[in-house]
């Protein structure tokens, strides 16, 4: 070691030494030895709950902060320019195809560039769009945007009154590189994502242990079958706020196609027959008026149209009846007999509003599982929904027991096989002694 370095170290020791001595000489203040009161140890005050994160308790301060956040968002959103008004289907179309959520921009083009508010007819909510993926711009993105796998598409829905009842006060729709739905309540948040056929549902509830995070599936059908309670209580209301419909429920036309034993109301059938001449009129306005009258017949009219003999109808009449039926259908069921043996299809049908469909589905379900099915409460009530959840779990266990997973048997040793020769390990070389310095 050279002399300049020694000089530096010596100087450092001289300057720091007194400071270290002072630090090490400091002693903690003397305290009296702890004594136990005569009545026993004094209980410590309870530790207040920590707030502010998923799965943690919700305190009054946290709820107050959330409500202030809602009010601040309302002030900011109401300051945005107005971009016009339209029907909901002209703004956004969410549908389901092959178990995947399809996000399609409508034909409406906002009058303002960038972010703006849009009034949706029949909705009290506030809708905000980003004018770079709607209308003609959205359609120019091609099938990528329509399939929800790319493109620039962003929409928010705000319901300021929903915050008071702990509903979804904000919902965000984004179709960039997949479909993403985000929603906020005062006490929870939800995120749904779909990308390359993979679906994930995350729910964060304050004050609860979040066990329903990272729910994964390859389709919405599988997600609904594996997690019926979360889908019914979380995803269904979220999608209903965006569409006004329960997208995850099998539409009536598909159910009537399977349960062919359900007859149509003769009175409604008579009304459909009376509209047939006008549906084939030469005047387009007459045909269009007849189609509107047909639509007013609703679901009973759907059933009547599906049960009609159409062999003697004209091409125009068939097309208009088919279009009427398609409005209440989602998928084309090619094999109704197979659907009658599909557990998830039958359980979903039990939640239909038509008592005839519920009765037919219950009968088919009892034939499938081989024993009576008990339902509690009236359709639509919490008690009824809870019994459906129990049936999902019960029948899944029964089906798994009837069809256990295939397990490959362990390989048996071959007595004629020649054993492998022992592995010869080369000894490690002996290290040489270190070189003499």
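Summary table below
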{"item": "Residue order, fewest to most surrounding Cβ atoms within 10 angstrom, among 216, 296, 157", "result": "296, 216, 157"}
{"item": "Ellipsoid semi-axes in whole angstrom, largest first, where each is sqrt(5λ) of the Cα gyration tensor of region 282-354", "result": "29, 15, 9"}
{"item": "Three-way shape call for region 318-367 based on the alpha-carbon gyration tensor, with the a/c threshold at 1.5", "result": "prolate"}
{"item": "Fraction of the pair-distance distribution of region 239-286 above 12 Å, Cα-Cα pairs, percent", "result": "75 percent"}
{"item": "Burial ordering of 302, 393, 234, 96, fewest other beta-carbon atoms within 10 Å first", "result": "393, 96, 234, 302"}
{"item": "Contact order normalised by residue count of region 80-135, Cα under 8 Å, 6+ apart, percent", "result": "38 percent"}
{"item": "Computed log₁₀ I(q)/I(0) - Debye formula, equal Cα scatterers, no solvent, region 252-326, q 0.17, 0.21 Å⁻¹", "result": "-0.58, -0.88"}
{"item": "Cα gyration tensor shape for region 336-401, rounded if a/c is under 1.5, else prolate or oblate", "result": "oblate"}
{"item": "Cα-based radius of gyration of region 185-317 once divided by 2.2 N^0.38 Å, which approximates compact folds", "result": "1.52"}
{"item": "Order of 399, 66 - criterion: other Cβ atoms within 10 Å of each residue's Cβ, fewest first", "result": "399, 66"}
{"item": "Contour minus Cα-Cα distance for residue 401 and residue 334 (0.36 nm per residue)", "result": "21.2 nm"}
{"item": "Packing rank of 379-385, 314-320, where each peptide gets the mean count of other beta carbons within 10 Å, highest leading", "result": "314-320, 379-385"}
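None of the figures in this text is laboratory data; all of them are computed from the coordinates on show. Keep in mind that what you see is a predicted model, and the values were worked out from it rather than measured. All Cβ positions, glycine included, derive from the backbone under ideal geometry; neighbour counts span all protein chains shown.
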